[in-house]
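Colleague: This is the structure I have questions about; it appears just below.
The values are calculated or read from the model by the stated rules, or taken from the named source; none is laboratory data. Predicted model, so just to flag it, every value in this text is computed and none were measured. No Cβ is skipped: glycine too gets one built from the backbone with ideal geometry, and neighbour counts run over all protein chains shown. To get the accessible areas, we keep the full protein, side chains included, count just its heavy atoms, and leave off ligands, DNA and RNA. Shrake-Rupley method; radii C 1.70, N 1.55, O 1.52, S 1.80 Å.
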Amino acid sequence: PADTYDIPLDNPNFPQPGARPETWAMGLRNPFRFSFDRAGGDLWLGDVGQGSIEEIDIIVAGGNYGWRGFEGTLDFDASANTLPNSEFTPPVYEYDHSLGIAVIGGYVYRGNALPGLQGRYLYADFGSGTVWALDYDGVNMPANEVIATANSPASFGEDNQGEIYLISLNGGIFGFD
């Protein structure tokens, strides 16, 4: 039969000897909820940490986000690392376990109902229930603001108008206002 899928020719590992050609990026521990920014096209991700750090990443072609050598920007286990630290892509933002224990990736807000959130990445933490809006311009230190709390946030959704909804394991879907 024909191939079940094709690998884009611009994939960073296509063709690379010894590399899996379908790999776009690597070094992620436990990616939890990817989303594309509908305006800029960036691929955002919440990556759940192991012992200390939760991280937010923007995934780029060929990026190596450092897991297992790093948890966020902290050294974790470099025993199998043969690359210089400059080869790793650091997270856009990270927080420690005093603020939460399991990041839930969300969406960049592109709706119209809440102009103050425009262009900010909304995400949550399952353990603490905190919901944040991260303001990141790619140059300056990100600003992070608590905008809500929820019981057991597990995911986000986005409607056709760019409005974002939070999904709770406790049985609710909540909008922001």
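Colleague: Sorted by accessible area (1.4 Å probe), largest first, how do LEU117, LEU74 line up?
Modeller: LEU74, LEU117
Colleague: Find which of PHE88, PHE34, ASN13 sits farthest along the positive direction of the dipole of the stretch 10-127, computed with +1 on the beta-carbon of Lys and Arg, -1 on that of Asp and Glu, about the Cα centre.
Modeller: PHE34
Colleague: From the backbone phi of the stretch 92-98, what are the Karplus-calculated ³J(HN,Hα) couplings (6.51 cos²θ - 1.76 cosθ + 1.60, θ = phi - 60°) in whole Hz, Gly and Pro given as x?
Modeller: Result, rounded to whole Hz: 5, 7, 9, 9, 8, 6, 6.
Colleague: Once the mean 1/r over all distinct Cα pairs of the stretch 1-81 is inverted, what Kirkwood radius in angstroms do you read off?
Modeller: 14.3
Colleague: So if I place +1 on the C-beta of Lys and Arg and -1 on the C-beta of Asp and Glu, and nothing else carries charge, what would the dipole magnitude of the chain be about its Cα centre? I want it in debye, nearest 20.
Modeller: In total the dipole reaches around 180 debye.
Colleague: Also, I was wondering about something else. Who wins for biggest fluctuation among GLU71, GLU145, GLU54 in a Gaussian network model of the chain, springs between alpha carbons below 10 Å?
Modeller: Taking springs between Cα atoms under 10 Å, the residue moving most is GLU145.
Colleague: Here's something else I'd like to know. Could you state the principal axis extents of the C-alpha atoms in the stretch 42-177, from the largest down, to the nearest angstrom?
Modeller: 48, 30, 22
Colleague: Top mean-square fluctuation among PRO91, PRO31, PRO21, Gaussian network model of the chain, C-alpha springs under 10 Å?
Modeller: PRO21
Colleague: Here's a follow-up. Of all alpha-carbon pairs in the stretch 67-124, indicate the percentage at a distance above 19 angstrom.
Modeller: That fraction is 49 percent.
Colleague: Provide the net charge surrounding THR89, with neighbours chosen by a C-beta distance below 12 Å and charges set as Lys +1, Arg +1, Asp -1, Glu -1.
Modeller: Cβ neighbours under 12 Å give a net charge of -4.
Colleague: Right, next: Of ASP57, ASP177, ASP10, which has the most accessible area and how do the rest follow, probe 1.4 Å?
Modeller: My answer, sorted largest first, is ASP177, ASP10, ASP57.
Colleague: What ranking of LEU122, LEU169, LEU43 comes out by heavy-atom accessible area, probe 1.4 Å, highest first?
Modeller: These residues rank, largest area first, as LEU169, LEU43, LEU122.
Colleague: Tally Lys/Arg at +1 and Asp/Glu at -1 over every other residue whose Cβ is under 13 Å from the Cβ of MET26; what's the total?
Modeller: -1
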